Amino acid sequence: DDDEVEHDEL
Amino acid sequence: MNLFRFAGDILHLLSILVLLLKIHATKSCAGISLKTQELYLAVFITRYLDLFWNFHSLYNSVFKVVYIGTTSMIVWYMRRHRNVKLTYDRDHDTFRYLFLVAPCAVLSLLINARYNLFEILWTFSIYLEAVAILPQLVLLQRTKNVDNLTGNYVFLLGLYRAFYILNWVYRFATEPGYSAWLVWISGLIQTGLYLDFFYYYVQAWKQSKKLQLPS
């Protein structure tokens, strides 16, 4: 699902 | 995760704790902008909306809960605590929310990575965080005499942003394909807003004087 963007920072 | 990012998160937490401790211990919120605190609460809530279904790491989840919880406590103290609320400097804390919230909302609709609700809210939170300190800086400017803890609070916040920039430089150098333009530009603007304050903070510290901002 490439509709999700990964946010790994706070 | 690198040391710069970790240091940034810890400094961020420390800044909030310094503020909460000051309010709790002195039962006073003189010099603190409720507008800035409420904007930060809006930043955390819109950014960490994914807390319940997007698990990234225990580290991230714990920080998200702690940031929302501690900032809610500060807002509660300033709005509801029977003694603390009397010390709130509402006559000087007059910055309009709309001047910050509206442009950030429009910008997040125009410039974002994916056009869906949660991504737009996340983008909004990035833009809003960049400018949320402005009511606090204006309040400091107006009241001129800055008490130590309030000065330390703003200094620690600025330091947190500086470490995030070091973290991005480090990631850019070590992670192939890593880029985050939207976050970088917002972060640079955010850190830039602290430069003036930093200058006076360091001057006062060098001369061991009380921090006073020029008019």
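Computed from the coordinates by the stated procedures, all read-outs in this text should not be read as laboratory data. Everything numeric in this text was worked out from a predicted model, so none of it was measured. Note: ideal-geometry Cβ built from the backbone for every residue, glycine included; neighbour counts use all protein chains shown.
With a cut-off of at most 15 other beta carbons within 10 Å, and DSSP calling the residue loop, which chymotrypsin sites (Phe, Trp or Tyr not before Pro) in region B:14-96 qualify? Please list them.
Of the chymotrypsin sites (Phe, Trp or Tyr not before Pro), the ones in loops of region B:14-96 whose Cβ has at most 15 other Cβ atoms within 10 Å are B:Trp53, B:Phe55.
Return the average number of partner chain Cβ atoms within 10 angstrom of each residue Cβ along peptide B:45-53.
Neighbouring Cβ atoms belonging to other protein chains average 1 per residue here.
What does the charge count near B:Ser215 come to, summing +1 for each Lys or Arg and -1 for each Asp or Glu among other residues with Cβ under 15 Å from its Cβ?
+1
At a 10 angstrom cut-off on C-beta neighbours, averaged per residue, how do the peptides B:152-161, B:110-119 rank from highest to lowest?
Peptide ranking by packing, descending: B:152-161, B:110-119.
Putting +1 on Lys and Arg Cβ atoms and -1 on Asp and Glu Cβ atoms, find which of B:Leu121, B:Thr143, B:Phe44 reaches farthest to the positive end of the dipole of the protein assembly as shown.
Toward the positive end, the furthest listed residue is B:Thr143.
Based on DSSP H runs of at least 4 residues, each adding -39500 (n - 2.57), what is the mean residue ellipticity at 222 nm of chain B after dividing by all its residues, to the nearest 500 deg cm²/dmol?
-23500 deg cm²/dmol
Relative to the present Cα-Cα distance, how much length would full extension add between B:Leu98 and B:Trp205 at 0.36 nm per residue of separation?
Length gained, B:Leu98 through B:Trp205: 35.0 nm.
How tilted is helix B:195-206 with respect to the longest principal axis of chain B? Cα atoms for both, answer in degrees (0 to 90, nearest 10).
50
Through the Karplus equation 6.51 cos²θ - 1.76 cosθ + 1.60, θ set to phi - 60°, convert the phi angles of region B:128-133 into ³J(HN,Hα) values in whole Hz; use x for Gly and Pro.
These are the phi-based 3J(HN,Hα) values: 5, 4, 4, 10, 5, 6 Hz.
Points 7 angstrom from Cα along the Cβ direction at B:Phe52 and B:Ser179: gap in nanometres?
Calculated label separation equals 3.7 nm.
Taking chain B as the reference, fit the longest principal axis to its C-alpha atoms, fit the long axis of helix B:181-192 to the helix C-alpha atoms, and give the angle between the two in degrees, 0 to 90, nearest 10.
20
Could you give the angle, 0 to 90 degrees to the nearest 10, between helix B:58-80's Cα long axis and the longest principal axis of the Cα atoms of chain B?
30
With 24 Å as the limit, write out which pairs from B:Lys144/B:Lys206; B:Lys64/B:Lys144; B:Lys27/B:Lys64; B:Lys64/B:Lys206; B:Lys85/B:Lys210; B:Lys35/B:Lys85 have Cα-Cα distances beyond it, or answer none.
Long pairs (Cα-Cα over 24 Å): B:Lys64/B:Lys144; B:Lys27/B:Lys64; B:Lys64/B:Lys206; B:Lys85/B:Lys210.
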